[in-house]
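Below is one structure; the comments refer to it alone.
The values are calculated or read from the model by the stated rules, or taken from the named source; none is laboratory data. All values derive from a computational prediction rather than experimental measurement. Don't worry about glycine lacking a Cβ; one is built from the backbone with ideal geometry, like all the others, and counts go over all protein chains shown.
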Amino acid sequence: MAGGWARDGAVQEQIDASIADELKRMQARRTPVGESLTRCAECDDPIPEARRKAIPGVKLCIDCQKSRDRAPVIRGGINRRGSKDSQLK
């Protein structure tokens, strides 16, 4: 059941689109591309060969990657619905 001028199923389509967008974003973030570096891009420590083989395209050592993973990621939300209440925030 849709409310207002929306057709039936429109809300579920918005939810599905939001989930698909987030999955694409997460998958893109997870897969490094290119050739692995021998030294860390942040601290210049050597990256172990086992890590370079396990994750092709790796750019960070384990310690730098851990600290980056712990850091909060602030992203702006997407207002798919366009309701007046969500635009006032």
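Helices (runs of 4 or more DSSP H) wholly in the chain with at least 2 residues that are at pLDDT 70 or above - which ones?
In the chain, 10-30, 49-54, 62-70 are the helices (runs of 4 or more DSSP H) which contain 2 or more residues that are at pLDDT 70 or above.
Output the residues belonging to the range 49-74 that are more than 19 Å from Ala28 (Cα to Cα) and surrounded by fewer than 11 Cβ atoms within 10 Å (Cβ to Cβ).
Glu49, Ala50, Lys53
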